[in-house]
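Q: Got a structure here, written out as structure tokens. Questions coming.
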Amino acid sequence: MAIIDCVSWSPQGSEVIYAYKFPQDNLSTYTQLIVNESQVALLFSKGELMGKFGPGKHTLNTENLPILRKLYGLPFGGKNPFTAQVWFVNLIDTYNIPWVIRKLAVHDADYQTNLPLMIDGQYGVRITDPEKFIINMVGTRNIYTQNDLTSQFEGEFTTKAKSAIVSFMNQNHIGYKSISAHLDDLSNMLRFQLSEFWKNVGIELTKFYVSDIDIDTSTPEGKKVKEAIATQSSMSITGHTWQQEQMFGTANNALNNMTGGGGNGMGGGGLLGGLMAINMMNNMSGGMGGAAMNPQFQQPTFGGGQQAGGYGAAPGAQGGGGVKMVYCSACAKKFPASMEFCPNCGNKYRPCPNCGSDNPESANRCVNCGTPLAGAAPKCPHCHTVIPQGCSFCPGCGSPVITDNNTCSRCGSMIPPTAKFCPRCGNKRS
């Protein structure tokens, strides 16, 4: 076996290598050891660390390595052979190591349900204790790369990161909608909690970033959650409800059948579907059927389910002793019927005397059951625009407001001179 007189290492290629073992171990005194910048060389022999060398050119002799005389009894003169393993450790900083965590189940504070999240980012490391790193991490390998580092730490890194992320979101009551505003705080917290773990193996965690947190769509459940959130956002922007979206879909299908999209043309089921669509569209535009498109349709109550106090219960009915709930005509959110104003938007509760549904100020009849509402604002008999109290002219067409008893005080319709009751709403002539 040839005796090696010069030992050095220059990394080749784009792969990051943290540690490299020189392939030959039959050295001699006066061997030249060349260590490049951002490197450190460690010499091991018979399980002992013989020496550590920084950047520069070094001669391996008993002056630099007094332990040679102890291990081999080598004299000062001559190129005496000895065996030793030379390890080169790369001390460069790396900042672009990617990491990703999938299928992280978090009980979200915004949606009040479990969401499957995916978190990704980057981190950077630097070897600060080469001896501890070689002994604890490298072991019997001849080369140690960045891929070896990430795969070796993946299990413990994922466990610690998941625990820290869930704790951060729960303790600070931060949900999916607003978590992106806290990525910097989350990154600093994770770096602090993971630093001690890396320090124990001779590595310093120099940087740690959380780049993105989103719904994990790698599973069918995650895809459904993502679609549901997108649908909710769309409805919030356009201002329609889930019930209305279902009604529109049914009407569109019926129209397709009427026009031949379902293969029936205008005959049989196509004609029936067309009539259903026309009826639905008429209901959407107003009248008693318009209540089906109103969020207050079939309002539920607490405690009754589908029984006496459930859907479609009488105004005073209570399910199991619960309080009747109504939907606000302004924001479409539920609130107890015992309140005078909506606790969500402050809109005044204007109950129907028949079913108790909340109605907007401009409504003459209940949007749920069609019952005439007392005290409704009058409408112009020409253009049917609501006329605010105290106005002398219609704000829609400019017609003078009729104040005699020929105009219904409830609905604003014209009452024939011989009639004692309004022909439209039945209100008695004043």
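The values are calculated or read from the model by the stated rules, or taken from the named source; none is laboratory data. Remember, predicted model here, so these are calculated numbers, not experimental data. In this analysis, Cβ positions are derived from the backbone assuming ideal geometry, glycine residues included, and neighbour counts consider all displayed protein chains.
Q: Please work out which residue is nearest to residue 55 (Cα to Cα), limiting yourself to the stretch 89-123 and to residues that are part of a loop (DSSP other than H, G, I, E, B) and acidic (Asp, Glu).
A: Within the stretch 89-123, the match that is nearest to residue 55 (Cα to Cα) is 93.
Q: Something else: Spot the failing condition for residue 226; the list is (1) touching a residue at least 12 places away in the same chain (Cβ under 8 Å); (2) farther than 30 Å from residue 139 by Cα, and only one is missed.
A: Status for residue 226: all satisfied but (1).
Q: Quick one: in the stretch 124-142, of everything that is touching a helix residue (DSSP H, G or I) at 6+ places or on another chain (Cβ under 8 Å) and part of a strand (DSSP E or B), which residue is surrounded by the most Cβ atoms within 10 Å (Cβ to Cβ)?
A: 127
Q: For residue 106, work out the one condition from (1) over 24 Å from residue 22 (Cβ atoms); (2) free of Cβ contacts under 8 Å to residues at least 24 places away in the same chain it doesn't fulfil.
A: The one condition residue 106 does not meet is (2).
Q: While we're on this one: Being outside the structural domain of residue 135 (by TED's automatic domain parsing), assigned to a loop (DSSP other than H, G, I, E, B), modelled with pLDDT under 80 and surrounded by fewer than 12 Cβ atoms within 10 Å (Cβ to Cβ): is that true of residue 63 here? First the steps, then the outcome.
A: On the way: outside the structural domain of residue 135 (by TED's automatic domain parsing): yes; assigned to a loop (DSSP other than H, G, I, E, B): yes; modelled with pLDDT under 80: yes; surrounded by fewer than 12 Cβ atoms within 10 Å (Cβ to Cβ): yes.
Judged against the criteria, residue 63 is a match.
Q: Give the residue, chosen from 159, 150, that is in a helix (DSSP H, G or I), more than 23 Å from residue 185 (Cβ to Cβ) and either among the acidic types (Asp, Glu) or free of Cβ contacts under 8 Å to residues at least 60 places away in the same chain (or both).
A: 150
Q: Tally up the residues in the stretch 12-60 that are loosely packed, with under 15 Cβ neighbours inside 10 Å, over 30 Å from residue 150 (Cβ atoms) and not polar (S, T, N, Q), please.
A: Selection size over the stretch 12-60: 5.
Q: Okay, moving on. Select, from 82, 168, the only residue that is in contact with a helix residue (DSSP H, G or I) (Cβ under 6 Å, 6 or more places away or on another chain) and assigned to a helix (DSSP H, G or I).
A: None of the other options fit; the residue is 168.
Q: Given the conditions (1) touching a residue at least 24 places away in the same chain (Cβ under 8 Å); (2) on the phi > 0 side of the Ramachandran plot, and given that residue 92 satisfies all but one, which numbered condition is not satisfied?
A: Of everything listed in (1) touching a residue at least 24 places away in the same chain (Cβ under 8 Å); (2) on the phi > 0 side of the Ramachandran plot, residue 92 misses just condition (2).
Q: Among the listed residues 411, 425, identify the single one that is over 45 Å from the mean Cα position of the chain (by Cα), at pLDDT 70 or above and outside any strand (DSSP E or B).
A: Numbers: 411 fails: at pLDDT 70 or above.
After applying the criteria, what remains is 425.
Q: Where the second residue is of a type in the set (D, E, K, R) and surrounded by 14 or more Cβ atoms within 10 Å (Cβ to Cβ) and the first is touching a residue at least 60 places away in the same chain (Cβ under 8 Å) and lies in the stretch 414-430, which pairs have Cβ atoms under 7 Å and are six or more apart or on separate chains?
A: Sorted first by the residue in the stretch 414-430, then by its partner, the pairs are 425/410.
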